[in-house]
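Structure, as structure tokens:
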Ligand code: BG6
Ligand code: MG
């Protein structure tokens, strides 16, 4: 493999938290009587909490103040964090664990690059808190994906330059971010269809055979 490092997105790549985000935002949307469904939820992939709220509030006639928005986002996060307590190591598939271990045995450095401020909590829930060589997350950045900041910080923490790293993403915003930062990307799920993606993969273990 030509890459010395791989930076994994967390939500939707290493584990699946989509349903929890959906349930938490749905409770907020219902409380303020705004329509919210899975199609809108899909638009929130890779996007920060506050940017997600702005997308949800596009449907609202009421104009919310910054203070009100922060209160809504905090409320959503409390519901979300309660749901995260249900996560266990079984939320990371055996295929993902085997792939991570094989990549490590091949001498590739491994990092997480996620917009989520709950990254460390999630990694702990699934038993991966001490696994990665570097973690860069929503608490490190001022600009969320599609800005490349989170991946640039991850690469720096690995001691590598962007062209030496591959970014693995399930979100369109994440593929944009990788491209903007000078990284190659592997797209999974919806992100595999992005025109800017370097590799289209069906599952994480496809990373083991990229150049074959
Ligand atoms: C990303 C998710 O990983 O994290 C987004 O794909 C989410 O849907 C974002 O909005 C921020 O998450 P958090 O945990 O900081 O609210
Ligand atoms: Mg994701």
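Compute the length gained on full extension between residue 66 and residue 30: take 0.36 nm times their separation in residues and subtract their Cα-Cα distance, giving the result in nm to one decimal.
Extra length available between residue 66 and residue 30 comes to 11.0 nm.
Mean separation of Cα pairs under 8 Å and 6+ residues apart, divided by the residue count of the range 78-212: what relative contact order is that in percent?
19
For the chain, state what percent of all Cα-Cα pairs lands in each successive 5 Å bin, counting from 0 Å until the bin that includes the largest distance.
The percentages, shortest bin first, are 1, 7, 16, 20, 20, 16, 10, 6, 3, 1, 0.
What percentages, rounded to whole numbers, describe P(r) for the range 92-212 computed over all alpha carbon pairs with 10 Å bin width beginning at zero?
Using 10 Å bins, I get a P(r) of 14, 46, 38, 2 for the range 92-212.
Please give the helix 94-105 orientation as an angle from the longest Cα principal axis of the chain, in degrees from 0 to 90, rounded to the nearest 10.
50
For residue 117 and residue 39 in the same chain, what is the full-extension length gain: residue separation times 0.36 nm, less their Cα-Cα distance, in nm?
25.8 nm
Would you kindly state how much longer the chain becomes between residue 139 and residue 88 on full extension, computed as 0.36 nm times their sequence separation minus their alpha carbon distance, in nm to one decimal?
16.1 nm
Calculate the radius of gyration of the Cα atoms of the range 163-212 to one decimal place, then report Dmax, the largest Cα-Cα distance, as a whole number, both in Å.
9.7, 28
Averaging sequence separations of C-alpha pairs under 8 Å and six or more residues apart, then dividing by the length of the range 13-156, give the relative contact order as a whole percent. Spell out each step's value before the answer.
On the way: 135 pairs, mean separation 34.2, N = 144.
After rounding, I find 24 percent.
What is the fewest-to-most order of 38, 4, 76 by other Cβ atoms lying within 10 Å of their Cβ?
Ranking 38, 4, 76 by Cβ neighbours within 10 Å, fewest first, gives 38, 4, 76.
Please work out the FRET efficiency for the pair residue 75 and residue 19, using the Cβ-Cβ distance as r and a Förster radius of 22 Å; give the result to the nearest 0.05.
Calculated transfer efficiency: 0.75.
If all Cα-Cα distances of the range 18-84 are sorted into 5 Å bins from 0 onward, what percent lands in each bin, rounded to whole numbers?
3, 18, 33, 29, 13, 3, 0
Normalising by the residue count of the range 18-84, find the relative contact order in percent from Cα pairs under 8 Å and 6+ residues apart. Intermediate results must be reported in sequence, preceding the final value.
Details: 39 pairs, mean separation 30.5, N = 67.
Once divided by the residue count of the range 18-84, the mean separation gives 45 percent.
A short reminder: the numbers here are calculations on the coordinates, not readings from a lab. As the structure is a prediction and not an experimental result, all values here were calculated from the model. We place every Cβ from the backbone using ideal geometry, glycine too, and count neighbours over all the protein chains shown.
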